[in-house]
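J.: Below are the structure tokens for one structure; questions will follow.
The values are calculated or read from the model by the stated rules, or taken from the named source; none is laboratory data. Please read all numbers here as calculations on a predicted model, not as lab measurements. Every residue, glycine as well, gets a Cβ built from its backbone with ideal geometry; the counts of neighbours run over all protein chains shown. Just so you know, the surface numbers come from the protein's heavy atoms only, side chains and all, with ligands and any DNA or RNA stripped out. Shrake-Rupley method; radii C 1.70, N 1.55, O 1.52, S 1.80 Å.
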Amino acid sequence: MAVTIPPATGPTKTEKVMAIIIAILSAIIAAFVAYMLTRHLGGTPLAGVGFSGGSFTATLAIVVGIEKELDLL
């Protein structure tokens with residue numbers, strides 16, 4: 001009895017949406033950590049917002065790039 005393996009397909013729409021949600025949540029966590037660390041080290045609230053914005057952007061770009069390389073997007 002031979003077992004047939006279905007042909008490889010790309011990610012489903014649900015998997016793509018989940019990958020995007022994971023990327024956004026990772027970026028939000030990175031932004032929150034950057035803000036908290038900046039404030040803990042004596043930075044002003046404006047500096048904290050600036051660092052958290054940069055951290056959000058960088059983390060989102062990196063995670064989306066990794067997901068594209070893994071064919072999740």
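J.: Go through Thr14, Thr57, Thr4, Thr9 for me and flag whichever is of a type in the set (Val, Ile, Thr) and in contact (Cβ under 8 Å) with a residue 12 or more places away in the chain.
T.: Thr57
J.: Scan the range 1-50 residue by residue and report those that are assigned to a loop (DSSP other than H, G, I, E, B), of a type in the set (S, T, N, Q) and more than 24 Å from Glu69 (Cα to Cα).
T.: Thr4, Thr44
J.: Here's a follow-up. Kindly list the number of the only condition in (1) free of Cβ contacts under 8 Å to residues at least 24 places away in the same chain; (2) of a type in the set (Phe, Trp, Tyr); (3) open to solvent by less than 100 Å² (accessible area, probe 1.4 Å) that fails for Phe51.
T.: Single failed check for Phe51: (3).
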